[in-house]
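Scroll down for the structure; my scribbles are underneath it.
No value in this document is a laboratory result; all are computed from the given coordinates. From a predicted model like this one, the values you see are computed outputs, not experimental measurements. No Cβ is skipped: glycine too gets one built from the backbone with ideal geometry, and neighbour counts run over all protein chains shown.
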Amino acid sequence: MVRRIEHIAIAVKDAEASARLFETLFGVSRGQMETLPDERVKVAFFELGGSRLELVEGIGADNPMGKFIQKRGEGLHHICLEVEDLPETLRLLHAAGFPLIDSVPKPGSRGTKVAFLHPRGCNGVLIELVEQPSRA
Ligand code: ZN
């Protein structure tokens, strides 16, 4: 069950420069920049109402985000949907025929768990699912 659009991610060549651009566009300051070494990305977040915008820059040689930008240019990379129970959601979507990139959740930013659905099952849009860390 999807709760909301958690964030929209944009692939950028330079997260710092893009963060300055979007600060001007939105009239708000970015949140903290975060580096995710396992994903080989650097991300800048903007809190916008109940949702967020994420600027994603690839880091290191031959990283997937860099390859994406080489092929398609900067722009929309994925839409992230917040779900309550990520393993159960993946099980249901797999049973419904959605091609999964991640069949088991992996660690995301800020202590979340995430998994991606393949764009070929979602009209060409890369979908990320996120489950927030339990507040218990
Ligand atoms: Zn994301």
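For the chain, what is the mean residue ellipticity at 222 nm derived from helices alone (per DSSP H run of n ≥ 4: -39500 (n - 2.57); sum divided by total residues; nearest 500 deg cm²/dmol)? Don't skip to the end; give the middle numbers.
Details: 3 runs with 31 residues, N = 136.
My calculation for the chain gives -7000 deg cm²/dmol from helical runs alone.
Nearest 5 percent is fine: what portion of the DSSP beta bridges confined to the chain is antiparallel? Kindly include the intermediate steps, with their values, before the conclusion.
On the way: 28 of 37 bridges.
The antiparallel proportion sits near 75 percent.
About the Cα centre of the chain, what is the dipole size in debye to 20, counting +1 per Lys and Arg Cβ and -1 per Asp and Glu Cβ, all else neutral?
200
If we count every other residue with Cβ under 14 angstrom of GLU54's Cβ, Lys/Arg +1 and Asp/Glu -1, where does the sum land? List each step's numbers first, then the result.
Working: positive: ARG30, LYS42, ARG52, ARG110; negative: GLU6, GLU34, GLU39, GLU47, GLU57, GLU74, GLU82, GLU128.
Taking every other residue near GLU54 into account, the sum is -4.
Tell me the net charge near ILE5. Cut-off is 12 Å between Cβ atoms, ILE5 excluded, with +1 for each Lys or Arg and -1 for each Asp or Glu. Intermediate values should be presented prior to the final figure.
Numbers: positive: ARG3, ARG4, ARG52; negative: GLU6, GLU54, GLU82, GLU128.
With Lys, Arg at +1 and Asp, Glu at -1, the net is -1.
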